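*Asks:* Could you have a look at this structure, given as structure tokens, before my questions?
Throughout, read-outs are computed from the coordinates displayed, never taken from laboratory work. The structure presented is a predicted model; accordingly, all values stated were derived computationally and were not measured. Here the Cβ is made from the backbone with ideal geometry for all residues, glycine too, and neighbour counts use every protein chain on show.
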Amino acid sequence: MDQSTPVVPKRMGRLAAAAVFATALEWFDFLIYATAAALVLGKQFFPAASPVAGTLASFATFAVGFFARPLGGIIAGHVGDRFGRKPPLVAAMLVMGLATFAIGVLPNYAAIGAWAPILLVLTRLVQGLGVGAQWGGAALLLTEHAPVEKRGFYGSLIQTGSIFGAVAGNLFFLLLTANMGEEAFASYGWRIPFLSGLVLVVIGIYVQLKIEDTPVFREMQKRTAESKQEAGLRKAPLSEAIRRYWRQILQAAGAFFVVNATFYILISGMLDYGTKHVGLSRTQILVCVMIAGATQVVSMPFFGALTDRMGSRKRLYLIGTVLMAVFAFPMFWLIDTGSIPLVLIALLIGFTIHATMYGPQAALYAEMFPADIRYSGASLGYQFASVFAGGLAPFIMTALLAATGTAWSVSLYIVATAAITFVAVFTIKERFRRDLYETSKEEQDAPLGSPAVAR
């Protein structure tokens, strides 16, 4: 299959728009929980606990969703490698929508007692299954069909979906807190974003189904089917991925550590830190996080495209890892001043450094694995890291602050995750512009040292 034949730009644009829109809806539903956990869920579902313990408990339930993500990735990876991208993507959005809506109508502790936090944990687990199943398919949908010379750029677009979702969620909460009193927001206002999430996901599913019927999707499905038929696709791509590509899966997981941890520190942990430790109002810190985060809609495609010109994904990724470790202490020094301009500058720099890694990540992951196990391998690496990095990051941050009383402990935590990522990325074999139609059998049969580039 000649990957150098580009998809018609107009059609590729439509495909990219559909994939980004679907991803934004998925992450809107998943990430509004992070904002709610920082602002209100502790009091609603863990009222008997102290303020710190309540926040820890709400962040713990936030982390629970991440423990379900690997299972979602495993199921979707297996289905996606065998039957294509449509089934796991649509199923992921449906599962996410139902779980998010359920959180919006869930009675609090005052209404049903201990059942409230139990049901909250269960619905969060289902959310984790949904988002775990979605990322791999959406990312590979673009990277596998993008023009080879623009693979980094198109792969980065799928990453912006999480930013659109996060910004939309923060904006929703900002509007609610600005226009509702404290009592009204605590009583029912926080539920509105969760209820609206179901409507948005239904729209996303409709778009996904309609796009599948267009000529560009039929052509892509035909190409995928032909490549799998020629490869003699294995019956168990998941077991093949674990057996033969466990090193790459571990490398992919390690590469995501500092990226995922700092993302959730920035979008969720900072909300709690800014209000309780710095003295900023909810509106002030929400605005700062929203503005700084929104810049990634531009910075991530920029850095993704930059790797297309640099001839390496690893180089920029390693630079970003070092910069994040170096900035870990100055970021909190700026935020601790309580000055809104300095807080905004700190967050802008943090999100920009984050984009140097998250932007090219989809292309890096796609080029790490052969075609027949790519969905499984990429999903496993991404989702397992999300458990130990992103899911626990706000909880660890809150616990460290409670134990030490200062932000230097959180900075050291960021440095530690950066060290893990640096080692993982440094050991990844550079496969810039590899032939994405190459199978594991073809890769193993290739002469030692031969370049795996697009043919």
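*Asks:* If you take the beta carbon distance between Ile340 and Leu250 as r and set R0 to 51 Å, what does 1/(1 + (r/R0)^6) give as a FRET efficiency, to the nearest 0.05?
*Replies:* 0.75
*Asks:* Using a simple spin-label model with points 7 Å from Cα along the Cα→Cβ vector, what separation in nm is obtained for Leu412 and Ala114?
*Replies:* Calculated label separation equals 3.7 nm.
*Asks:* Here's a follow-up. Would you work out which of Ala253, Pro117, Met310 lies farthest towards the positive end of the dipole of the range 9-445, given +1 charges on the beta-carbon of Lys and Arg and -1 on that of Asp and Glu, about the Cα centre?
*Replies:* Of the listed residues, the answer is Met310.
*Asks:* With +1 on each Lys and Arg Cβ and -1 on each Asp and Glu Cβ, and nothing else charged, work out how big the dipole of the range 266-350 is about its Cα centre, in Debye to the nearest 20.
*Replies:* Dipole about the Cα centre, nearest 20: 260 debye.
*Asks:* So which trypsin sites (Lys or Arg not before Pro) in the range 353-441 pass both tests, a DSSP loop state and at most 12 other Cβ atoms within 10 Å of the Cβ?
*Replies:* Counting only loop positions with at most 12 other Cβ atoms within 10 Å, the trypsin sites (Lys or Arg not before Pro) in the range 353-441 are Lys429.
*Asks:* Let me ask something else about it. May I ask you to list the trypsin sites (Lys or Arg not before Pro) in the range 266-331 that are in a DSSP loop and have at most 14 other Cβ atoms within 10 Å of their Cβ?
*Replies:* Nothing satisfies the criteria.
*Asks:* May I pose another question? Just how large is the dipole of the range 9-445 about the Cα centre, in debye to the nearest 20, putting +1 at every Lys and Arg Cβ and -1 at every Asp and Glu Cβ?
*Replies:* So the dipole magnitude of the range 9-445 works out to roughly 600 debye.
*Asks:* Identify the residues of the range 114-133 with backbone N under 20 Å of a label point that sits 7 angstrom from the Cα of Val105 along the Cα-to-Cβ direction, or state none.
*Replies:* 115-128, 130
*Asks:* Only Cα pairs under 8 Å and at least 6 apart count here; give the relative contact order of the range 9-445 as a rounded whole percent.
*Replies:* 26 percent
*Asks:* Among Leu15, Met397, Val298, which residue has its Cα furthest toward the positive end of the charge dipole of the range 9-445, with +1 on Lys/Arg Cβ and -1 on Asp/Glu Cβ?
*Replies:* Comparing the listed Cα positions along the dipole, Leu15 ranks first.
*Asks:* If packing is taken as the average count of other Cβ atoms within 10 Å, what order do 319-328, 89-98 fall into, highest mean first?
*Replies:* The peptides rank, most packed first, as 89-98, 319-328.
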